Amino acid sequence: MKTVVISLGGSILIPTLEKNKIKEYVPVLEEIAAHHRLFVVVGGGGEARRYITVARDLGIDEGTSDEIGILITRLNANLLVAALGDRAYPKVAESHSEAKKFAESKKIVIMGGITPGQTTDAVAAVLAERVGASVFVNATSVDGIYSADPKKDKKARRFDTLTPDQLLGIVGKAGLGAGSNVVLDIVAARVVERSHIPLVVLDGRTPEHLSRAICQGEYTGTVVSEKKKKILPL
Ligand code: UTP
């Protein structure tokens, strides 16, 4: 049994409350958890962005807006915990230590955000370090890391593999305001570099992509690793 940490972007799981994919994700997470020790970090999605936009309009500082974002990630995480029922530990972990402790139950452990100035990708990257994960999977709304934003630039090309150093070069150019929208935040990229834990970035808009990638090794995405060896299936 290997350990897997998934950063499940809020824009994937709960783009809006009404368009949430929680029902579709439940069997997928159950399938992965049947074979591996599983931790899932849930993002804020559209609801977090809406709150942060309103906070900014009210002249509220970025740190406080981040705190509001964190509350939304935890609210989303609570919805996933409830939907998973007995398969998940019944409380959202509010620190990495708590997540480790909850994992002793052998249930799926769910987290949201924890600290201002970062995103849930950074939470997941550090969690991967703390629990000795074999892989850190970032499920997002693009099928990998591109040379430019593929939604804006037609010439953007997807990387099949990157070294952690190359990843830092790419994400280092993006900003880090509350609600910032980059494929992986810079804090997460730095942690990936120091932890030597392979990162796989893939398209989570279709939930089955995750189980197919982790359990069968079939996926389209970007692998960030120092070594050239095959990362998935585990
Ligand atoms: P997300 O991790 O969801 O950020 O956290 P995101 O980049 O918008 O990701 P997607 O779209 O959900 O995939 C939402 C916001 O909550 C705050 C930040 O403001 C972030 O942009 N946050 C989250 C923190 O400040 N700290 C955390 O640990 C987590």
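The values are calculated or read from the model by the stated rules, or taken from the named source; none is laboratory data. Every value quoted in this text rests on a predicted model; they were computed, and no experiment measured them. So basically every Cβ, Gly included, is an ideal-geometry build from the backbone, and we count neighbours across all protein chains shown. Side chains included, ligands, DNA and RNA excluded: accessible areas come from the protein's heavy atoms. Shrake-Rupley method; radii C 1.70, N 1.55, O 1.52, S 1.80 Å.
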Legend entry - Mean ellipticity per residue at 222 nm, deg cm²/dmol - from DSSP H runs of n ≥ 4 across the chain, formula -39500 (n - 2.57): -12000 deg cm²/dmol
Legend entry - Sequence-distant aspartates and glutamates (8 or more away, or on other chains) whose Cα lies within less than 16 Å of Lys154: Asp143
Inset, instruction - Would you work out if region 1-160 is rounded, prolate or oblate? Take a ≥ b ≥ c from the square roots of the eigenvalues of the alpha-carbon gyration tensor; rounded if a/c is under 1.5, else prolate when a/b is larger than b/c, oblate otherwise. - result: oblate
Inset, instruction - Determine the share of the chain's accessible area contributed by carbon and sulfur atoms, expressed in whole percent, with a 1.4 angstrom probe. - result: 51 percent
Legend entry - Cβ-based net charge around Val187, under 14 Å, with every Lys or Arg adding one and every Asp or Glu removing one: -3
Inset, instruction - Could you list, in their original order, any pairs among Lys101/Lys229; Lys100/Lys228; Lys23/Lys107; Lys173/Lys230 whose Cα atoms are separated by more than 20 Å? - result: Lys101/Lys229; Lys100/Lys228; Lys173/Lys230
Inset, instruction - Please compute the net charge surrounding Leu168, taking Lys and Arg as +1 and Asp and Glu as -1 over other residues with Cβ under 14 Å from its Cβ. - result: -2
Inset, instruction - Pick out the long, greasy-scoring helices in the chain: whole DSSP H runs spanning 30 Å or more along their own axis by Cα, mean Kyte-Doolittle at least -0.5. - result: 62-84
Legend entry - Gained length - Lys227 relative to Glu104, 0.36 nm times residue gap less alpha-carbon distance: 41.2 nm
Inset, instruction - Report the trypsin sites (Lys or Arg not before Pro) located in region 1-63 that are in a DSSP loop and have at most 14 other Cβ atoms inside 10 Å of their Cβ, or state none. - result: Lys2, Lys19
Inset, instruction - Would you list, by chain and number, the lysines whose Cα falls below 16 Å from the Cα of Lys106, excluding same-chain residues fewer than 8 positions away? - result: Lys2, Lys91
Legend entry - Spin-label pair Met1/Glu94, simplified geometry with 7 Å Cα→Cβ offset, distance in nm: 2.8 nm
Inset, instruction - Using the heavy atoms of the protein chains and a 1.4 angstrom probe, tell me the accessible area per residue for the chain in square angstrom. - result: 48 Å²
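Kindly work out what percent of the DSSP beta bridges joining two residues of the chain are antiparallel, to the nearest 5.
Counting DSSP beta bridges with both partners in the chain, the antiparallel share is about 20 percent.
Quote the relative contact order of region 36-145 in percent (integer), defining contacts as alpha-carbon pairs under 8 Å separated by 6+ residues.
Once normalised by length, the contact order is 31 percent.
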Legend entry - Sites excluded, GluC sites (Glu not before Pro) in DSSP loops with at most 14 other C-beta within 10 Å, longest stretch of the chain: 105-217
Inset, instruction - Could you please report the charge total around Gln118, scoring K, R as +1 and D, E as -1 over all other residues with beta-carbon less than 10 angstrom from its beta-carbon? - result: -3
Legend entry - Dipole-positive endmost among Ile170, Ser134, Ile110 within region 101-207 (Cβ charges, Cα centre): Ile110
Legend entry - trypsin sites (Lys or Arg not before Pro) within region 125-160: DSSP coil, no more than 16 neighbouring Cβ in 10 Å: Lys151, Lys152, Lys154, Lys155, Arg157
